[in-house]
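Participant: Attaching a single structure in structure tokens format; questions to follow.
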Amino acid sequence: MTKRAKRYGSDALAAVHETASELRAAGLLDKQTMRTFDDLCLTPIEEFTPQQICELRLREQASQAVFARYLNVTPSTVSQWERGEKRPRGPSLKLLTLVAKGGLRAIA
């Protein structure tokens with residue numbers, strides 16, 4: 001898979017986005033429509049249960065400490081997520097979504 005395909009998920013979506021960008025540059029696509037299109041290209045954020053977070057970490061064969069380091073949180077935070085005492089939010093939730101889709105190397 002090319003670098004472009006990784007960013008957009010597929011070569012087809014990358015080509016469509018490139019075309020839309022060129023239409024915007026030519027003045028044929030307004031800024032609001034391009035912004036809406038860009039939003040559609042983003043990876044949707046998923047919610048995770050404590051069990052899913054634990055399974056994701058185990059799938060990646062990472063300790064809580066290593067997993068925490070990748071996500072830029074403390075090992076205690078990962079432990080609390082896995083016990084259901086806290087829920088990931090914001091950037092952590094986005095990073096978990098990316099790890100679920102592409103593994104730890106997706107955020108390394």
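Participant: Looking at Glu60, Glu22, Glu18, Glu55, can you tell me which residue is touching a residue at least 40 places away in the same chain (Cβ under 8 Å) and at negative phi?
Facilitator: Among Glu60, Glu22, Glu18, Glu55, only Glu60 is touching a residue at least 40 places away in the same chain (Cβ under 8 Å) and at negative phi.
Participant: Could you tell me how many of the residues in region 65-86 are basic (Lys, Arg) and in contact (Cβ under 8 Å) with a residue 24 or more places away in the chain?
Facilitator: Residues that pass the stated criteria total 1.
Participant: Are there helices (runs of 4 or more DSSP H) fully within region 1-88 with at least 2 residues that are modelled with pLDDT of 90 or more and of a type in the set (S, T, N, Q)? List them.
Facilitator: Answer list for region 1-88: 50-59, 75-83.
Participant: Considering every residue within region 40-62, establish whether at least one is surrounded by fewer than 16 Cβ atoms within 10 Å (Cβ to Cβ), small (Gly, Ala, Ser) and not assigned by TED's automatic domain parsing to the domain that holds Leu13.
Facilitator: No, region 40-62 has no match at all.
Participant: Out of (1) among the aromatic types (Phe, Trp, Tyr); (2) within 16 Å of the chain's Cα centre (by Cα); (3) in the same structural domain as Ala12 (by TED's automatic domain parsing), what's the single condition that is false for Phe37?
Facilitator: Status for Phe37: all satisfied but (2).
The values are calculated or read from the model by the stated rules, or taken from the named source; none is laboratory data. Because the structure is predicted, anything quoted here is derived from the model rather than measured. Every residue, glycine as well, gets a Cβ built from its backbone with ideal geometry; the counts of neighbours run over all protein chains shown.
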